[in-house]
Amino acid sequence: MINVIWLALIVIGFGFAAAQGNIEIVTSAAFDGAKTGVTVCFGLISVLVFWLGMMKLAEDSGLLQKIAKLMSPVVRFLFPDVPKNHPAMGYILSNMSANLLGLGNAATPMGIKAMQELQTLNPDKTAASPAMCTLLALNTASITLIPTTLIAIRMNYQSANPTEIVGTTLAATIVATLAAVAADRWYRRKFLNRHPKPPISMGPSSALKQDIPDMKG
């Protein structure tokens, strides 16, 4: 669906430019956009490599494990239907840690792995489970302590103070995360009301005892 939307936007843009006789403006904008994209990507490489290296050092030194241990009660509260020692928990914690540092590119692979592990717990393989929806909501509206990518982009465009957005970004992401958690809790409750857990079934022997009338007497 997204591909169709982008294709429609491109075709509409070319159509309007051709109708107005400004097709050369579209061509120039396309080349300028490609040039800017490459420049921004090169500017991000150094920052991302630095923070990924810092995360690797934190992992090897045990700091990441300590952070994960501190965050584990929160994660267990947010994902009550995921077993404590399930592999999905580790990927979820890694995803949240990367998002805290503003490393969306580093958080994405961990989020995909977490989704794959959560799918193994999903009883309905054709629909997302509540845990998968929770992860998607948190990954989209995650608290960001250091907006690394945005700082790198601002530095690349010669911002006078590239780190001045840290406070506002932190406040905005806190509000977004609280809203996402509140919505997730509400929809979880609504889902559980519609799909209550099935009662514990009786064994076959108990069922037979109920079906067969008492012949005594």
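Checked across segment 105-122, the condition of being in contact (Cβ under 8 Å) with a residue 40 or more places away in the chain, over 25 Å from R194 (Cβ atoms) and surrounded by fewer than 17 Cβ atoms within 10 Å (Cβ to Cβ) holds for at least one residue. Scanning for something under 30 Å from N156 (Cα atoms) and in contact with a helix residue (DSSP H, G or I) (Cβ under 6 Å, 6 or more places away or on another chain), does segment 26-35 turn up at least one residue? Within segment 26-35, one or more residues are under 30 Å from N156 (Cα atoms) and in contact with a helix residue (DSSP H, G or I) (Cβ under 6 Å, 6 or more places away or on another chain). Of the numbered criteria (1) at pLDDT below 80; (2) assigned to a helix (DSSP H, G or I), the one S28 fails is (1).
For S97, the test of being at pLDDT below 85, crowded, with 17+ Cβ neighbours inside 10 Å and among the small types (G, A, S) is passed.
Name the helices (runs of 4 or more DSSP H) wholly inside segment 97-196 in which the number of residues that are acidic (D, E) is 1 or more. Show your work before the answer.
On the way: elements: 104-121, 130-140, 148-156, 166-194.
Counting at least 1 such residues, we get 104-121, 166-194.
Picking from residues in segment 141-160 that are touching a Pro at 6+ places or on another chain (Cβ under 7 Å) and in contact (Cβ under 8 Å) with a residue 60 or more places away in the chain, the one that is farthest from V181 (Cα to Cα) is M155. The set of residues in segment 166-190 being out of contact with any helix residue (DSSP H, G or I) (no Cβ under 6 Å at 6 or more places or on another chain) and of a type in the set (A, V, I, L, M) consists of V166, L170, A171, A172, I174, V175, A176, L178, A179, V181, A182, A183. Listed conditions (1) more than 27 Å from A152 (Cβ to Cβ); (2) modelled with pLDDT under 80 are all met by V47, apart from (1). Just checking, does segment 110-120 include any residue being at pLDDT 90 or above, under 20 Å from L93 (Cβ atoms) and aliphatic (A, V, I, L, M)? Yes, segment 110-120 has at least one match. Just one residue in the set S142, S159 is among the small types (G, A, S) and closer than 17 Å to F77 by Cα; that residue is S142.
The values are calculated or read from the model by the stated rules, or taken from the named source; none is laboratory data. What you see is a predicted model; the values in this text were computed from it and never measured. Glycine also receives a Cβ, built like all others from the backbone with ideal geometry; neighbour counts cover every protein chain displayed.
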